[in-house]
Amino acid sequence: ASFTMEGGSIVSCQSLDVGWKYDYLRAGGVYVAIDSTFNMTGGRIIGCSTGVSGGAVVVGGKFNMSGGSIENCSAGGNGGGVYAFSDANFNMTG
């Protein structure tokens, strides 16, 4: 699957660590699954948070960011803005 964000906003989304086996997959804003692509060319991800990793975006597949912004996001673990798995692909230009 693929999703392109050209504008608009994802605002104040929240995911908490509730002790599930796969809590590390709980992105605050956007979760990009393996074999999926998220293209961000515009828009904003603002004020999202998680109790684990990836306050704004967790990347298991491919995330191409060529515009837009990620602002004031936080995580209780790693990656307040973006958390990418070791075999994921995160490309940021611009």
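Between amide H atoms placed 1.01 Å from N, distances below 5 Å from residue 15 occur with 49, 50, 51, all of them 5 or more places distant or on a separate chain.
Distances over 22 Å make up what percent of all Cα-Cα pairs in the chain? Walk me through the numbers before you get to the answer.
Numbers: 754 of 4371 pairs.
The share of Cα pairs beyond 22 Å in the chain comes to 17 percent.
Measuring nothing but protein heavy atoms, the accessible surface of the chain at 1.4 Å probe radius is 48 percent carbon and sulfur.
Note on residue 3 and residue 78: their simple-model spin labels are 2.3 nm apart, each label 7 Å out from Cα toward Cβ.
With R₀ fixed at 30 Å, the C-beta to C-beta distance from residue 69 to residue 35 puts the FRET efficiency at about 0.70.
Taking 7 Å steps out from each Cα toward its Cβ at residue 11 and residue 91 produces label points 3.1 nm apart. What the Kirkwood sum gives for region 44-94 is a hydrodynamic radius of 10.8 Å, with every pair of different alpha carbons counted.
The values are calculated or read from the model by the stated rules, or taken from the named source; none is laboratory data. As the structure is a prediction and not an experimental result, all values here were calculated from the model. Glycine also receives a Cβ, built like all others from the backbone with ideal geometry; neighbour counts cover every protein chain displayed. With ligands, DNA and RNA removed, areas are computed over all heavy atoms of the protein, side chains included. Shrake-Rupley method; radii C 1.70, N 1.55, O 1.52, S 1.80 Å.
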